[in-house]
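Down below is the structure, laid out as structure tokens.
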Amino acid sequence: MQRHGQRPYQRYALEANQSGTHLATFRAIARKYPHKQPAEILRDLVAGTPGSEGKWFAAAKDAGLFDIAVELANASPTDPRTLTRAARDFAETQPAFALAAGLAALRWMSTGYGYEITAADVLDAYTATTRAATTAGADVECIKTQIRDWVTGPTHSNPFMKSILTHQLAI
């Protein structure tokens with residue numbers, strides 16, 4: 001037997017609460033259905049928008065669902081600037097999350113994703129990522145190697161990023 005309110009949630013939650021951003025949509029639904037766990041709402045929203053998983057990254061981060069946020073950021077293109085802000089803002093309090101967000105930002109940039117990515121965007125992402133790596137106790141040289149491989153690798157080399165990070169990565 002379904003709980004009262006379950007059927008309207010399943011049928012109308014996403015459609016009736018669609019907002020200007022995915023984060024605003026998530027917040028509206030979470031407010032309207034307080035009996036639902038944030039992770040459940042997020043899973044339902046992601047399932048209802050296949051191919052747009054990365055667009056729910058900010059909602060997962062905002063809800064403190066850091067593991068889910070990382071999964072979403074790696075599942076489909078996610079705005080590199082949003083990922084870089086997360087890497088910068090959480091480097092001290094959630095360093096593993098910040099490192100994963102920063103790496104995702106750099107990986108998406110290396111594939112050419114992101115609207116009018118500038119040199120400052122690349123450097124911000126790199127700086128936030130290496131800072132998070134240090135705080136997380138990760139091997140920074142290993143992280144640099146991973147970034148170098150993305151920028152210079154045979155699969156998807158990125159001359160723009162390579163020119164910006166030449167000094168940092170000793171290319």
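The values are calculated or read from the model by the stated rules, or taken from the named source; none is laboratory data. Just so it is clear, the model here is predicted, and its values are computed rather than measured. Note that each Cβ is placed from the backbone with ideal geometry, even for glycine, and that neighbours are counted across all protein chains shown. Surface accessibility is based on the protein's heavy atoms, side chains included, excluding ligands, DNA and RNA. Shrake-Rupley method; radii C 1.70, N 1.55, O 1.52, S 1.80 Å.
Is it the case that the range 54-62 has a residue that's more than 12 Å from the chain's Cα centre (by Cα) and modelled with pLDDT of 95 or more? Don't jump to the end; show me each part of the working.
Within the range 54-62, the first condition is being more than 12 Å from the chain's Cα centre (by Cα), and the residues that meet it are none.
Checked against the condition, which is being more than 12 Å from the chain's Cα centre (by Cα) and modelled with pLDDT of 95 or more, the range 54-62 yields no hits at all.
Being among the acidic types (D, E) and outside any helix (DSSP H, G or I) is the filter here, so list the residues in the range 124-171 that pass it.
Quick first cut of the range 124-171, residues among the acidic types (D, E) only: 124, 139, 141, 149.
D139 - this is the single residue of the range 124-171 that is among the acidic types (D, E) and outside any helix (DSSP H, G or I).
Restricting to the range 124-171, name every residue that is at pLDDT 95 or above, open to solvent by 60 Å² or more (accessible area, probe 1.4 Å) and closer than 18 Å to R81 by Cβ.
Within the range 124-171, D124, T127, R131 qualify.
Only residues that are basic (K, R) and either under 17 Å from the mean Cα position of the chain (by Cα) or under 15 Å from L103 (Cβ atoms) (or both): list them for the range 114-171, please. It would help to see each step written out before you state the result.
To start, the set of residues in the range 114-171 that are basic (K, R) comprises 131, 144, 148, 162.
The answer is R131, K144, R148.
I'd like to know if the range 32-46 contains one or more residues that are open to solvent by less than 40 Å² (accessible area, probe 1.4 Å) and under 17 Å from R85 (Cβ atoms). Spell out the reasoning first.
First pass over the range 32-46, keeping only residues open to solvent by less than 40 Å² (accessible area, probe 1.4 Å): 33, 36, 39, 41-42, 45-46.
In the following step, the residues that additionally are under 17 Å from R85 (Cβ atoms) were identified as none.
No, there is no match, as no residue in the range 32-46 is open to solvent by less than 40 Å² (accessible area, probe 1.4 Å) and under 17 Å from R85 (Cβ atoms).
Looking at the range 66-78 only, could you name the residues that are of a type outside the set (A, V, I, L, M, F, W, C) and either free of Cβ contacts under 8 Å to residues at least 12 places away in the same chain or surrounded by fewer than 24 Cβ atoms within 10 Å (Cβ to Cβ) (or both)?
Answer for the range 66-78, where residues must be of a type outside the set (A, V, I, L, M, F, W, C) and either free of Cβ contacts under 8 Å to residues at least 12 places away in the same chain or surrounded by fewer than 24 Cβ atoms within 10 Å (Cβ to Cβ) (or both): D67, E71, N74, S76, P77.
Which one of A63, A58 is among the small types (G, A, S), crowded, with 16+ Cβ neighbours inside 10 Å and touching a Pro at 6+ places or on another chain (Cβ under 6 Å)? So that I can check it myself, show each step before the final result.
Working: A58 fails: touching a Pro at 6+ places or on another chain (Cβ under 6 Å).
Of A63, A58, the one residue that is among the small types (G, A, S), crowded, with 16+ Cβ neighbours inside 10 Å and touching a Pro at 6+ places or on another chain (Cβ under 6 Å) is A63.
How many residues are surrounded by 18 or more Cβ atoms within 10 Å (Cβ to Cβ) and part of a loop (DSSP other than H, G, I, E, B) when one looks only at the range 79-123?
6
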